[in-house]
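Asks: After the structure tokens below, expect a handful of questions from me.
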Amino acid sequence: MLLQLRKNKSTFKSQRSTASRNHYLLLIIHCTLFLFSCNSPYIPKPAGYFKIDLPKKTYQQFNQPSYPYTFEYPTYAKVMKDSTFFDSSAENPWWVNIDFPQFNAKIYLSYKIIGNYKLEKLLGDAYNLTNKHSVKASYINDSIMNISNNVHGSFFSVAGDVATADQFFLTDSTQNFIRGALYFDATPNEDSLRPVNQFLVADMKHLISTFHWK
């Protein structure tokens, strides 16, 4: 009987010793993992932006009797006469803004008559206004456009946090010249504005593809 008690006591000590070693090993593992996680480099999450609901694309005709041009523009926009274009004054009644109230954005259209200006000067001004953004731009892409009905010109895409990332001019080289620029009434941020910018650039290109001189 005494022998059995001693045997049981010895077995209990052995089990307790094994349990203590296991507990000690688990403690070491937990501490190691904790120290490793504390010293791991922090990986920041990418910035998130609010989802923007974009309207269905439908278009209507701008064709006022007194205007020297016509084009199609979105039904969710308004065409408004404008007296200024950034730091320039309107020199004729055919300067307009295409206003997108829900996006705080506008497409500015400034029309000039060739004859009052040399074509070379109008072209130089258009390129110079685009190149003003070269300090903040990562690149500027210039695409030449040839549209039917004697309409041709260039489309400029400016990458970076700039106020007017997309601009264009159209001319018939003899009488008419018009310049357009998409502008957001917001702090320039290429990432946050990208979805709306891409949406409105498609509208700009639709305007260009449907543009006609009268």
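Asks: Against the conditions (1) in a helix (DSSP H, G or I); (2) out of contact with any strand residue (DSSP E or B) (no Cβ under 9 Å at 6 or more places or on another chain); (3) modelled with pLDDT under 95, where does residue 187 fall short? Just the number, please.
Replies: (1)
Asks: Kindly provide the set of residues from segment 128-149 that are among the hydroxyl-bearing types (Ser, Thr, Tyr) and either modelled with pLDDT of 95 or more or surrounded by 14 or more Cβ atoms within 10 Å (Cβ to Cβ) (or both), ordered by number.
Replies: 130
Asks: If the Cβ limit is 6 Å and pairs must be 6+ apart or interchain, which residue in segment 166-179 that is farther than 17 Å from residue 124 by Cβ and in contact (Cβ under 8 Å) with a residue 12 or more places away in the chain pairs with which residue that is in a strand (DSSP E or B) and small (Gly, Ala, Ser)?
Replies: Short answer, once both residue conditions are applied: 166/157.
Asks: Any residue in segment 91-106 that's closer than 15 Å to residue 197 by Cβ and touching a residue at least 40 places away in the same chain (Cβ under 8 Å): show its pairings with residues that are among the polar types (S, T, N, Q) and part of a strand (DSSP E or B) at Cβ separation under 9 Å, as long as the two are six or more apart or on different chains.
Replies: What qualifies is 106/97.
Asks: Moving on. Search segment 118-130 for residues that are β-branched (Val, Ile, Thr) and pair each with any residue that is surrounded by 12 or more Cβ atoms within 10 Å (Cβ to Cβ) when their beta-carbon atoms are under 7 Å apart and the residues are at least 6 apart or on different chains.
Replies: 130/140; 130/156; 130/158; 130/167
Asks: Taking residue 67 as the residue in question, decide whether it is modelled with pLDDT of 95 or more and closer than 25 Å to residue 174 by Cβ.
Replies: Yes; evaluated as a whole, the condition is true for this residue.
Asks: Tell me, yes or no, whether segment 43-61 has at least one residue that is part of a loop (DSSP other than H, G, I, E, B), modelled with pLDDT of 50 or more, among the hydroxyl-bearing types (Ser, Thr, Tyr) and more than 32 Å from the chain's Cα centre (by Cα).
Replies: Scanning segment 43-61 turns up no residue that is part of a loop (DSSP other than H, G, I, E, B), modelled with pLDDT of 50 or more, among the hydroxyl-bearing types (Ser, Thr, Tyr) and more than 32 Å from the chain's Cα centre (by Cα).
The values are calculated or read from the model by the stated rules, or taken from the named source; none is laboratory data. These figures come from a predicted structure and were not determined experimentally. Here Cβ is always computed from backbone atoms with ideal geometry, including for glycine, and neighbour counts include all displayed protein chains.
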